[in-house]
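Novice: Sharing a structure below in structure tokens format, with a few things to ask.
Nothing in this text is a laboratory measurement; each read-out follows from the coordinates by a stated rule. Every value quoted in this text rests on a predicted model; they were computed, and no experiment measured them. Glycine also receives a Cβ, built like all others from the backbone with ideal geometry; neighbour counts cover every protein chain displayed.
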Amino acid sequence: MNDWQPTTCMRCAVGCGHLQRGADDGYGVSEARGNPAHPASNGLKCQRGIQETVNPGGERLTEPLVRRGGTLQPTDWDTALGIVAARFIEALSNSGDTIAVLGSGQQTNEAAYALGKLARGGFGTPYYDANTTLCMASAVTAYFQAFGSDAPPPTYEDIPKADTHLLWGANPAAAHPVLYHWITNSASQEGGQLLVVDPVESETASDADLHIQPEPGTDLALARAVLACCIDRDAIATEFVDTNTTGFERMVDSLPDIETAATQAGVSLADIETIADALTAPTLVYWGMGVNQSVQGTATARALIDLCLATGNLGPGSGPFSLTGQANSMGARVCSSKGTWPGQREFTETENRKRVAGMWDVPLSRLPESPGPGFVGIVDDLARGEIDVCWTVATNPAAGMPDASYVRTVLEDSFLVAQDAFYSDTVACADVVLPAATWGESEGTVINMERRVSRLTAAADPPGNTRPDLDIIATIGNRVEPGLFDDPPLDPESVFEEVRELTAGTKADLAGISYGRLADELAVRWPAPDAESEGGYRYYTDGNWSFYTDSGLAGFSTATHSTVPEPVTESYPLTLTTGRCAGVYNTGVRSQESANDGLPTVRMHSLTVGDYLGSFDRGRTVITSRRGSVMVDTQVDDGIPPGIVWIPIHNAAVNELTLPAVDPESDEPNLKQCAVRIGPPSRANTDFDTGSASVESR
Ligand code: SF4
């Protein structure tokens, strides 16, 4: 019988501590349970985290594959890696700018760091992303602008201290069950309340004391209306604002009048007043993809931060708290050299670049000047032929990006290397497939959404011919740039030591977090500059505030609502929005065997169905946007406002419809809103009318 291994759940960024035991025969984790000793979760876990760990769905990749005669065929590692290295070397003979690398928040810190080191220091490419621009980039950009550093100021310890829990564009009942348990526990105490802002009635919204339903894409108008209401009522924390912030007057001057903003958002004045009232109590403002995945995602996240600053809701028991989806999204941000160098070192700052190049022993001139575009921009440059080779690691852009048909065509036309544990729509487009070990089989560390670094341990052997991400990356790296890494197999601890050294003295200081300390304490929050320290509420020491901005003050913003990028028209009279289902994860490659087999089930109001009765055949209909058509099953649901079509994100077909317009500040796509029509299944509506979209088509 194998021993129980203390480790971390990799299903979502709550980062619960697990105990896992490997199978006696074969591969895989046979049992998992919550770890009572883990400081993030104290033994709590959710069923889906256990289920996906012990019994994941999806088709496991166990052998390297190469495309021959149009089909993917098994091969050996030497052949697969030889082809990959040869194509990378050929591309590099032109320029480092000809290789794109797409990583993810599903990797360990060690693998994410190594991939960033290879992409930036080995290849020298600006075309590198770690999935941030598909989920957290708007929140990250807002934090940097307001505070000079990324990551939420509060921790989980603040949840029971708050009275008001304001959940905005997030559905943690489905996406973050353990965190949601803490929130509802606190909200159900005397004086507690749960307010939910969401265009549709989600599982979370159905529990709320008040559910406010703005039109999709109008969150910024609503946030500004609430702020204007707070000012009207003189509910401003004047002393905090005067002492610790900058830009308040400019922000006030920029505010719309409340009635106009309320009308834009489609929300009553009474609801706006209720939110303003609630903010007078200690409030945590949580938000998710409903805010981030918008052309105004950064501006909206900043408006939510403004609400906290103006009302004095910064400090223990309150504050802005973005909810992270992927388990190690924060680790990718801290370690992987995507938007900043490790430790949130500013990307273009000369001393940082020298430090990183010196640490990696690569020429300073090789480091790219810019962090590059996000996923959407990278795919566009692939389409234009400006990139020769694309390498995806633990990510599924062929299903997860907007305008997915276009993305698939671009990936199929490119030389694509897909490294993953499970078969996916992206793997189907690949020329070479590198099978990777997954959680339960890999060693390393991850960082949860409250900045807690936690060990990931291997309870089981990986199946077949799979290898850990770290070893695949190092092997490719050393073939392309000899000496960039130690000879594989790499010791994850030695890689983490490099991360500690490079983050020492930075805003995201991991220097005091060693594997030895994690063996004793299981998880430690950054910043932790030494072996005794641990991060708590950020920017706040002994009653004093200090931010990483040039002024040392937290900054207000001035953006106001603009029209949605693709308003409804006569030809496309309905609004599409997307959301999560409780039992499925992202594009569904490991959460449900049937996730991509069946049709998506859309939810719409009975009045919407009534308006288009001729478009249904036994509950089946076709949804069409300017980019594609999708056959769907229909669920009549009066929790969805009339005129809105809600579709789950977990089926690859969804993104045939969604819009690739991006937030100009964060590069995050506008996945939550676009215009559609519905029509009968017998007539696939592929006569796309592109005439009236207010965004540039490709
Ligand atoms: S809440 Fe998230 S991290 Fe915790 S057990 Fe569930 S899936 Fe895993």
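Novice: Treat each spin label as a single point 7 Å out from the Cα along the C-beta direction, and report the R68 to E386 distance in nm.
Specialist: Each label point lies 7 Å from its Cα, and together they span 3.7 nm.
Novice: Under a crude label model (7 Å from the Cα following the beta-carbon direction), how far is S95 from N544 in nanometres?
Specialist: 4.9
Novice: Run the numbers for N42 and R479: contour at 0.36 nm per residue of separation, minus the present Cα-Cα distance, in nm.
Specialist: 152.9 nm
Novice: In what sequence do K45, K338, K161 fall when counting other Cβ within 10 Å, fewest first?
Specialist: K161, K45, K338
Novice: Can you list the residues, at least 5 places off or on another chain, whose amide H is less than 5 Å from the amide H of Q5, using H built in the peptide plane?
Specialist: Q20, R21
Novice: In percent, how large is the relative contact order of region 198-258, given Cα pairs closer than 8 Å and 6 or more residues apart?
Specialist: Result for region 198-258 is 33 percent.
Novice: Could you pull out every residue, at least 5 positions away or on a different chain, whose amide H is within less than 5 Å of the one on W287? Hs are placed 1.01 Å off N in the peptide plane, and Pro or chain starts have none.
Specialist: Sorted by chain and number, the residues that satisfy this are W168, F321, S322, L323.
Novice: Sticking with this structure for a sec: On full extension of the chain, what length is gained from A270 through N465, given 0.36 nm per residue of separation minus the C-alpha to C-alpha distance? Before the final figure, lay out the partial values.
Specialist: On the way: separation 195, 0.36 × 195 = 70.20 nm, distance 6.10 nm.
Separation in residues times 0.36 nm, less the Cα-Cα distance, equals 64.1 nm.
Novice: How about K45: which lysines have a C-alpha closer than 25 Å to its C-alpha, ignoring those fewer than 8 places off in the same chain?
Specialist: Straight-line reach from K45, under 25 Å: K161.
Novice: Can I ask one more? Arranged from highest to lowest average of other beta-carbon atoms within 10 Å per residue, in what order do the peptides 412-421, 514-523 appear?
Specialist: Descending mean neighbour count gives 412-421, 514-523.
Novice: Something else now. Return the percentage of antiparallel bridges among DSSP beta bridges fully within region 395-474, rounded to the nearest 5 %.
Specialist: For region 395-474, the DSSP antiparallel bridge percentage is about 45.
Novice: Grab the beta carbon distance between T409 and D633, set R0 = 35 Å, and tell me the FRET efficiency rounded to 0.05.
Specialist: 0.85
Novice: Now for a different question. Looking at the chain only, what percent of DSSP beta bridges run antiparallel? Nearest 5 please. All intermediate terms of the calculation are to be shown ahead of the outcome.
Specialist: Working: 42 of 86 bridges.
Percentage antiparallel, nearest 5: 50.
Novice: May I ask you to order 120-130, 326-336, 370-380 by the average number of other C-beta atoms within 10 Å around their residues, highest value first?
Specialist: Packing proxy ranking, top to bottom: 326-336, 120-130, 370-380.
Novice: Can you tell me how much longer the chain between L364 and E493 gets when fully stretched, taken as 0.36 nm per residue apart minus their C-alpha distance, in nm with one decimal?
Specialist: Stretched out fully, the L364 to E493 stretch lengthens by 43.8 nm.
Novice: Using a Förster distance of 56 Å, how high is the FRET efficiency between A519 and D611, based on the Cβ-Cβ distance and rounded to 0.05?
Specialist: 0.35
Novice: With runs of 4+ DSSP H residues as the only contributors, calculate the mean residue ellipticity of the chain at 222 nm using -39,500 (n - 2.57) per run, divided by the residue total and rounded to the nearest 500. Please report the intermediate quantities before stating the final value.
Specialist: Numbers: 23 runs with 207 residues, N = 698.
The helix-only estimate for the chain comes to -8500 deg cm²/dmol at 222 nm.
Novice: Same structure, new question: Hey, what do the phi angles of region 466-483 turn into as Karplus ³J(HN,Hα) couplings, whole Hz, using 6.51/-1.76/1.60 and θ = phi - 60°, x for Gly and Pro?
Specialist: Taking θ as phi minus 60°, the curve returns 6, 9, x, 3, 4, 6, 5, 4, 5, 5, 5, x, 6, 6, 8, 9, x, x Hz for region 466-483.
Novice: Put +1 on the Cβ of each Lys and Arg and -1 on the Cβ of each Asp and Glu in the chain; which of T141, V66, S414 then has its Cα farthest toward the positive end of the dipole?
Specialist: Most positive-ward Cα: V66.
Novice: If you take the Cα Rg of region 111-184 and divide it by 2.2 N^0.38 Å, with N the number of residues, what do you get?
Specialist: With N residues counted in region 111-184, Rg over 2.2 N^0.38 Å equals 1.48.
Novice: Quick one: which residues, 5+ away or cross-chain, put their amide H under 5 Å from the amide H of N42? H built at 1.01 Å from N.
Specialist: G17
Novice: Next question, about the same structure. List the lysines whose Cα sits under 21 Å from the Cα of K117, skipping any in the same chain fewer than 8 residues away.
Specialist: Filter leaves K338, K354, K507.
Novice: If you don't mind, another one. Label points 7 Å out from Cα along the Cβ direction at D76 and E351: separation in nm?
Specialist: 5.2
Novice: Ranked highest first by the average count of other Cβ atoms within 10 Å around their residues, in what order do 466-473, 444-451 fall?
Specialist: The peptides rank, most packed first, as 444-451, 466-473.
Novice: Measuring from the lowest to the highest alpha carbon on each principal axis, how far does region 79-158 reach, largest first, in angstroms?
Specialist: The Cα atoms of region 79-158 stretch 52, 24, 20 Å along their principal axes.
Novice: Please report, largest first and rounded to whole Å, the three semi-axes of the ellipsoid equivalent to the chain, where each semi-axis is the square root of five times an eigenvalue of the C-alpha gyration tensor.
Specialist: After diagonalising the Cα gyration tensor, the semi-axes are 36, 32, 25 Å.
Novice: Relative contact order for the chain using alpha-carbon pairs under 8 Å, separation at least 6, rounded to a whole percent?
Specialist: On the way: 1705 pairs, mean separation 139.4, N = 698.
Relative contact order, the chain: 20 percent.
Novice: Also, I was wondering about something else. Counting only DSSP beta bridges with both residues in region 137-323, tell me the antiparallel percent, nearest 5.
Specialist: Counting only bridges with both partners in region 137-323, antiparallel ones make up about 5 percent.
Novice: Here is a further query. Please list log₁₀ I(q)/I(0) at q = 0.12, 0.23 Å⁻¹ for region 574-685, using the Debye equation with identical point scatterers on the alpha-carbon positions.
Specialist: Values returned for q = 0.12, 0.23 Å⁻¹ are -0.40, -1.34.
Novice: Got the relative contact order for region 292-385 handy, in percent, Cα pairs under 8 Å and 6 or more residues apart?
Specialist: 12
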